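Working notes for the structure below.
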Amino acid sequence: MGLYTLKVTNNDMSTGVLEKTKSGTVDYEKDFEDWLENSPNVLLDEEEGSIIWIGRQVTASVGDAGFYPDLIGIDTSGDLVIVELKKGRTPRDVIAQILEYAAWGSLLTYDDLNKMTIKYYKNQEYCNKNLKEIHQEAFFADSEEMQEVEFNKSLKLFIVAEDISPVIKQVASFLRDTYQVDISCLKYEVLKSEQGSYFISTEKVTGFTEVVKKPGGVGTSVYPRWRYPMKQKEAISDVVKKMIGNDKSVIFSASDVYQEAIKEYPDINPVSVSCQIVADCVNHTSRRHYPSGQRDLYFRIEKGKFRLYDPETDGKWNYKGEKIE
């Protein structure tokens, strides 16, 4: 498949000509790592929430060797996320490399993860908070109680490259299907139009589906993956609309939405409902953890309380939940 820009004459759509964009001519590996660090939810499906990064190019010791995983994070469930980014086509040894990271990562305790987190956020917004506090603010900001999260119960491994070779795809699929290793491969391409606009094309080559655990397997989720034909975020906003219509005076909570949603979607994850409402809430500062696919739908009245967003009275807000007008 190709990515094209549409060129028209005098705003006449019938004159449109498809002009194919071209791959960038410079090395974007470092840039893409930055972009991925800024947009963690690119790696996850919408119903899975997002990721908070806790390390980049940290030292991972395996045996007598030292390695440097590109990105390390924690997802909504508390699972450890390890990302290896490659320029060009994936080399054969990338599988061994990420499995070495997994062997190292699986042994990390909460204290290990917390130390890594504190170092990562040393000069950033969360500089005075520990991992539990950061995770709470990112994913459970409106909860009245501190959530009990079992960190590093399971691992999620990602190989990201401009080209995923057939052998890497085959081995990754084998590890998922036979040994329940949660490993996924993402292909990306940086494209640039003649007008100077950049486009990022991504393709989920393998993985990105629920790992079927064997009976008694570790990390089996209580809530299965989203299996309905419509997108989960559309289902959640439809539930809100059915609850309150277009009445901007009605106040609701994520719990209210969840209680209505389970009537139609019995296995919907309450955390996913809460995270989606936060992502679509214009003045919620935790929405910055969901920078992709946001919609300006709700306005936060107080902790845990929302109403419909009214741009005329509420003003304009950016993707970080900061007021701009």
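The values are calculated or read from the model by the stated rules, or taken from the named source; none is laboratory data. None of these values were measured; they are calculated from a predicted model. Neighbour counts run over all protein chains shown; Cβ positions are idealised from the backbone, glycine included.
Take the residues in the range 161-175 that are touching a residue at least 60 places away in the same chain (Cβ under 8 Å) and charged (D, E, K, R), then tell me which one is farthest from F32 (Cα to Cα).
D163
Determine if the range 253-276 includes at least one residue that is in a loop (DSSP other than H, G, I, E, B) and within 20 Å of the chain's Cα centre (by Cα).
Within the range 253-276 (the criterion being in a loop (DSSP other than H, G, I, E, B) and within 20 Å of the chain's Cα centre (by Cα)), the answer is yes, since at least one residue qualifies.
Select, from I251, I244, I277, the only residue that is outside the structural domain of S77 (by TED's automatic domain parsing), within 22 Å of G315 (Cβ to Cβ) and touching a helix residue (DSSP H, G or I) at 6+ places or on another chain (Cβ under 6 Å).
From the options I251, I244, I277, the qualifying one is I277.
So which residues in the range 299-325 are of a type in the set (F, W, Y) and touching a residue at least 24 places away in the same chain (Cβ under 8 Å)?
Answer for the range 299-325, where residues must be of a type in the set (F, W, Y) and touching a residue at least 24 places away in the same chain (Cβ under 8 Å): F306, Y309, W317, Y319.
Among (1) at pLDDT 95 or above; (2) of a type outside the set (V, I, T); (3) assigned to a loop (DSSP other than H, G, I, E, B), which single condition is R300 missing?
(3)
When the residues of the range 301-325 are filtered to those that are within 27 Å of the chain's Cα centre (by Cα) and among the β-branched types (V, I, T), which remaining residue is surrounded by the fewest Cβ atoms within 10 Å (Cβ to Cβ)?
Top of the filtered list is I324.
Condition (residue is modelled with pLDDT under 95, farther than 17 Å from F139 by Cβ and either surrounded by 21 or more Cβ atoms within 10 Å (Cβ to Cβ) or of a type outside the set (D, E, K, R) (or both)) applied to the range 263-274: is it met by at least one residue?
The answer is yes, given that some residue of the range 263-274 is modelled with pLDDT under 95, farther than 17 Å from F139 by Cβ and either surrounded by 21 or more Cβ atoms within 10 Å (Cβ to Cβ) or of a type outside the set (D, E, K, R) (or both).
Test K169 against the stated conditions and say whether it is more than 21 Å from the chain's Cα centre (by Cα) and under 30 Å from R92 (Cα atoms).
Judged against the criteria, K169 is a match.
Go through the range 158-182 residue by residue and tally those that are in contact with a Lys or Arg (Cβ under 6 Å, 6 or more places away or on another chain) and of a type outside the set (D, E, K, R).
4
So, in the range 161-189, exactly how many residues are in a helix (DSSP H, G or I) and not β-branched (V, I, T)?
Residues in the range 161-189 being in a helix (DSSP H, G or I) and not β-branched (V, I, T): 10 in total.
So, in the range 201-252, of the ones that are more than 25 Å from the chain's Cα centre (by Cα), modelled with pLDDT of 75 or more and assigned to a loop (DSSP other than H, G, I, E, B), which residue ends up nearest to S274 (Cα to Cα)?
Result: I251.
All but one of (1) without any contact (Cβ under 8 Å) to a residue 40 or more places away in the chain; (2) closer than 23 Å to S77 by Cα hold for T178, so report the exception by its number.
Every condition holds for T178 apart from (2).
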